[in-house]
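Here's the structure, in structure tokens; my notes come after.
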Amino acid sequence: MDEYLRFLQMLVLSAAVGMVVGLEREHAHIARRIAGFRTFTLIGVLGGLTAYFYELGCVPIATVTSVGAAALAVTMYVMRVYQRRLLGIVTPLALLATFAAGALVGMERFKEGATLAIATAVVLLSRARIHPVLRRLSDRDVLDALTVFSLAALVYPLCPPGPVDPWGVLNLRRVLEIVLLVLAVTALGYLGVRMSVRGGVLTTSLVGGFVSSSATTATVVARFRELPWVPAAVVPAATSVAIIRNMILVAAVSRNLAVVKKVACVAIPAAIAGFAVAVYESGRAEVDEEDLRRVVRGRMRSPLSLKPAVKLGLLISGFSMTLKIGQLFAGKAGLVVGAVVGSLASSNAMSLSLAYMVNSGTLSSSTAGILIALSSLESILVKYLWTAVFGKREVLERTWRTLLPPTIAGIAGFGVVLAG
């Protein structure tokens with residue numbers, strides 16, 4: 001009876017993973033679908049049964065079902081080509097992925113099977129949204145991205161597997177991994193800018209801040225010197241999304257919950273206050289939204305190019321070494337001075353350098369958490385400097401008022417970090 005219940009569980013769950021993909025296919029191609037909800041549900045079940053038969057030792061039956069699934073995918077492709085002159089192979093590949101998800105369920109790898117099914121459905125669902133974005137990329141954008149990832153693939157195997165410095169800080173492979181992670185995340189924001197989303201002042205500010213809050217601040221403050229309410233809405237929004245993005249990257253790099261908790265004490269209250277002010281100000285800002293989007297897009301450069309990749313790698317390497325040397329010669333005072341000065345150049349790179357040192361075991365999580373929280377607070381304070389440099393008096397006064405709530409929230413959060 002227990003074996004029968006296990007069989008029923010496998011049958012239901014393998015059908016469920018098929019339903020996930022089948023639901024998307026049924027919805028996406030109502031008039032011209034070749035395979036829909038029922039087909040993909042049965043393919044999921046077939047995958048589960050294949051794994052089940054294999055575990056029972058019925059290898060010939062498992063082989064037949066596997067070959068049958070592959071033949072069905074080929075047949076589906078042939079039907080698309082000859083009936084509708086469509087050369088796409090997405091649906092046949094989705095069918096094979098669904099079969100594999102069902103097989104994982106049959107092997108009692110339930111989480112892996114569900115993850116594969118969901119990932120497949122997300123990729124299929126993204127077609128209508130991804131294609132317009134990719135068409136907006138220039139040839140230079142594509143060439144830059146290919147150059148960066150090609151060089152990374154060539155350089156990575158040549159990097160020593162361990163630290164190259166006497167203090168065990170600088171692991172070039174790990175630095176390269178961090179650089180690629182940051183560039184990939186930042187590229188999402190860049191794609192948003194290229195989409196020219198029509199969401200008004202607030203959405204444009206958030207997308208611009210995801211790529212570079214400093215560049216967005218400097219550009220908008222300089223361009224809208226005669227319209228001070230525009231920077232007053234843009235700057236806190238861009239700053240807020242930047243510190244949240246940095247917190248997520250720190251979590252991914254450090255993999256240390258204690259560090260993330262300390263950073264969150266500053267980042268989350270400051271971001272909430274900044275978003276609230278930005279929402280309020282954006283409702284009052286009267287501006288040509290297309291002009292604002294054009295200004296933000298014009299200032300942005302693809303993060304997936306060689307120059308920002310090399311710059312980020314050098315900053316992380318340089319900051320990590322400087323902090324370690326400062327710690328050796330001046331203790332915690334050297335770390336604090338190095339973190340404060342380095343954050344003026346790039347709070348993002350400084351935060352990642354500290355997170356990297358935690359991950360490599362060369363800095364305690366307690367010290368790193370405090371310094372990264374301080375760097376997050378400094379990323380807000382430095383916007384006062386950019387506003388003063390690029391804006392006129394009216395812009396300065398209005399923007400400083402809107403930056404005040406996130407600043408106070410960030411300082412209060414940093415006080416909690418120090419008290420803890």
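Peptide packing: for 264-272, 232-240, 140-148, 387-395, the average count of neighbouring Cβ atoms within 10 Å per residue gives the ranking 232-240, 264-272, 387-395, 140-148, highest mean first. Each of the peptides 151-164, 407-420 was scored by the mean count of other Cβ atoms within 10 Å over its residues; in descending order, highest first, they stand as 407-420, 151-164. Over 29 Å apart at the Cα level, from the set 111/311; 262/324; 111/262; 261/392, are 111/311; 111/262; 261/392.
Three principal axis extents describe the C-alpha atoms of the range 136-419; from largest down they are 57, 50, 29 Å.
Rule-based calculations on the coordinates, nothing more; no lab input. These figures come from a predicted structure and were not determined experimentally. Quick reminder, even Gly has a Cβ in these numbers, built from the backbone with ideal geometry, and neighbours come from all protein chains shown.
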